[in-house]
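Asks: Once you've had a glance at the structure underneath, I'll fire off some questions.
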């Protein structure tokens, strides 16, 4: 059977941190605030994967008060979400995602993000969608206070 999940995440900008999106370090004056590497794209994707199999969100699986997670690569969070699918005999079959950011320019880094995510999930790059858009200067994204991401994940599980 095929199942679909959705994920959404937001992180505010923070000084003194690298900006990591899709496992790619992007040159920018600010990174994102968070307990792990604060990769908002990976967090939305992990939540979408977890949602597809009816699991609780990444805050449950990776609580922000767990010292073992401090600074963790969020690609590892995505990998662990996919491992939960595999534990049920399934696999992630595709991801689609969107980043909402006024700054920095995301487009030059999309191919590297897709490659990282595909390698982490063990799926072809053509099965990973990553897009970027602005918020037309509206809301917290438009005011350049942070970045938001949303994602869908499709997983295939054996019929039960």
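The values are calculated or read from the model by the stated rules, or taken from the named source; none is laboratory data. Bear in mind the structure is a predicted one, so any value in this text is a computation, not a measurement. Glycine also receives a Cβ, built like all others from the backbone with ideal geometry; neighbour counts cover every protein chain displayed.
Asks: When only residues in the range 36-45 that are modelled with pLDDT of 95 or more and farther than 20 Å from residue 156 by Cβ count, which is farthest from the chain's Cα centre (by Cα)?
Replies: Among residues in the range 36-45 that are modelled with pLDDT of 95 or more and farther than 20 Å from residue 156 by Cβ, the one farthest from the chain's Cα centre (by Cα) is 37.
Asks: Taking residue 116 as meeting all but one of (1) touching a strand residue (DSSP E or B) at 6+ places or on another chain (Cβ under 9 Å); (2) assigned to a loop (DSSP other than H, G, I, E, B); (3) within 19 Å of residue 25 (Cα to Cα), write down the number of the exception.
Replies: The single condition residue 116 does not satisfy is (2).
Asks: Pick from the range 86-101 the residues that are closer than 22 Å to residue 157 by Cα and part of a loop (DSSP other than H, G, I, E, B): which of them is nearest to the chain's Cα centre (by Cα)?
Replies: 90
Asks: Working only within the range 119-128, note down all residues that are in a helix (DSSP H, G or I), over 13 Å from the mean Cα position of the chain (by Cα) and more than 17 Å from residue 4 (Cβ to Cβ).
Replies: 119, 125, 126
Asks: Scan the range 105-122 and give yes if some residue there is within 19 Å of residue 12 (Cβ to Cβ), touching a helix residue (DSSP H, G or I) at 6+ places or on another chain (Cβ under 8 Å), modelled with pLDDT of 95 or more and surrounded by 24 or more Cβ atoms within 10 Å (Cβ to Cβ), otherwise no.
Replies: No, because not a single residue in the range 105-122 is within 19 Å of residue 12 (Cβ to Cβ), touching a helix residue (DSSP H, G or I) at 6+ places or on another chain (Cβ under 8 Å), modelled with pLDDT of 95 or more and surrounded by 24 or more Cβ atoms within 10 Å (Cβ to Cβ).
Asks: Turning to a different aspect of this structure: Pick from 48, 14, 52: which is more than 14 Å from the chain's Cα centre (by Cα), at negative phi and buried (at least 21 other Cβ atoms within 10 Å of the Cβ)?
Replies: 52
Asks: Right, next: Kindly provide the set of residues from the range 47-75 that are within 23 Å of residue 132 (Cα to Cα), without any contact (Cβ under 8 Å) to a residue 60 or more places away in the chain and not in a loop (DSSP other than H, G, I, E, B), ordered by number.
Replies: If the condition is that a residue be within 23 Å of residue 132 (Cα to Cα), without any contact (Cβ under 8 Å) to a residue 60 or more places away in the chain and not in a loop (DSSP other than H, G, I, E, B), then 50, 58, 74, 75 are the ones that fit.
Listed here are the residues, each with its yes/no results for (1) within 20 Å of residue 31 (Cβ to Cβ); (2) outside any helix (DSSP H, G or I).
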position: 45; (1), (2): yes, no
position: 77; (1), (2): yes, no
position: 84; (1), (2): no, no
position: 103; (1), (2): yes, yes
position: 130; (1), (2): yes, yes
position: 141; (1), (2): yes, no
position: 148; (1), (2): yes, yes
position: 152; (1), (2): no, yes
position: 155; (1), (2): no, yes
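Asks: Before we move on, is residue 98 within 17 Å of residue 149 (Cβ to Cβ) and at pLDDT below 95?
Replies: no
Asks: From the list 88, 83, exactly one residue is in contact (Cβ under 8 Å) with a residue 60 or more places away in the chain and surrounded by fewer than 17 Cβ atoms within 10 Å (Cβ to Cβ). Which is it?
Replies: It is 88.
Asks: Can you tell me which residues in the range 25-41 are touching a residue at least 60 places away in the same chain (Cβ under 8 Å) and surrounded by 21 or more Cβ atoms within 10 Å (Cβ to Cβ)?
Replies: Passing the criteria: 32, 40, 41.
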